[in-house]
Amino acid sequence: MNFDQLLAVPGLAWLILAALLAIAELLVPGVFLVFIAAGAAVTGIVTLLVPAFDLVFEVFLFAGASAAAVAVGGRWYRTNPVPSEDPLLNDRVARLIGQVVTVVEPIVAGQGRVKVGDGEWLANGPDTPAGAHVRITGARSGSLDVEPA
């Protein structure tokens, strides 16, 4: 049986599509093609078992099976989160909490500036002279909350 003959059998064509989508997911992980591949596989199996379905039904079956696979997969990922080696990777401010930094513009009436790395941030805290060291305790509205170190 050559490739054209395989594609002439709708169930096999859906299973080939499922395999191609699964391979694409392996090559580009994280795209969630595996759920679409599951929908294609379900469609292929159902179409092989009941070959009398027309293409419109197959497409609706594929859409429904894919949507169900995405919903089930999404629920599974929400209830079984993947632990991260660096959970604060995308939370820059949370990474700063606890660091001791230098006041570069005196904190007067609760506001000033501190040097963090090679940049400066607005800071909220008790009055503190320039050059003093403070500890970052939190952040809000784009400025850091600090306390004397």
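Would the range 1-73 count as rounded, prolate or oblate if I go by the C-alpha gyration tensor, calling it rounded below 1.5 in a/c and otherwise prolate when a/b exceeds b/c, oblate otherwise?
Judged from the Cα gyration tensor, the range 1-73 comes out oblate (a/c at least 1.5, b/c at or above a/b).
Once the convex hull of the C-alpha atoms of the chain is built, how many Å³ does it hold per residue, rounded to a whole number?
It is 165 Å³ per residue.
How big is the accessible area of F62 in square angstrom, nearest 10, if you roll a 1.4 angstrom probe over the protein chains?
Here the residue's solvent-accessible area equals roughly 40 Å².
How long is the gain from V28 to H133 if the chain were fully straight, where each residue apart is worth 0.36 nm and the alpha carbon distance is subtracted?
Net length gain for the segment: 33.2 nm.
Using alpha carbons only, what's the Rg to Rh ratio of the range 88-130 with Rh from Kirkwood? Write out the running numbers ahead of the final one.
Details: Rg = 10.9 Å, Rh = 10.8 Å.
Looking at the range 88-130, the ratio lands at 1.01.
Please report the spacing between the Cα centers of the range 9-44 and the range 84-149 in Å, no decimals.
49
On a 0 to 90 degree scale, rounded to 10, what angle separates helix 55-79 from the longest Cα axis of the chain?
Rounded to the nearest ten degrees, it is 30.
Assuming R0 = 41 Å, what is the FRET efficiency of I45 and A94, from their Cβ-Cβ distance, to the nearest 0.05? Can you show the working numbers first?
Working: r = 46 Å, r/R0 = 1.13.
Calculated value: 0.30.
Could you tell me which residue out of T128, I45, F60 lies farthest along the dipole of the range 11-149 toward its positive end? Charges go on the beta carbon: Lys and Arg +1, Asp and Glu -1, centred on the Cα centre.
Highest projection toward the positive end goes to T128.
Magnitude of the Cβ-charge dipole of the chain, K/R +1 and D/E -1, about the Cα centre, nearest 20 debye?
For the chain, the charge dipole is close to 280 debye.
List the residues whose amide H sits under 5 Å from the amide H of Q111, counting only those 5 or more places along or on another chain, with H placed 1.01 Å from N in the peptide plane.
Amide H neighbours of Q111, under 5 Å, 5+ apart: G125.
So what is the calculated 222 nm ellipticity per residue for the chain, using -39500 (n - 2.57) for each DSSP H run with n of 4 or more, over all residues, to the nearest 500 deg cm²/dmol? Walk me through the intermediate numbers first.
Values: 5 runs with 71 residues, N = 149.
Taken over the chain, the calculation gives -15500 deg cm²/dmol.
Taking the Cα centre of the range 89-132 as origin, work out the dipole magnitude from +1 charges on Lys and Arg Cβ and -1 charges on Asp and Glu Cβ, in debye rounded to 20.
So the dipole magnitude of the range 89-132 works out to roughly 100 debye.
The values are calculated or read from the model by the stated rules, or taken from the named source; none is laboratory data. Just so it is clear, the structure is predicted and the values come from calculations on it, not from any experiment. Cβ sites come from the backbone with ideal geometry, for glycine too, and all protein chains shown count toward neighbours. With ligands, DNA and RNA removed, areas are computed over all heavy atoms of the protein, side chains included. Shrake-Rupley method; radii C 1.70, N 1.55, O 1.52, S 1.80 Å.
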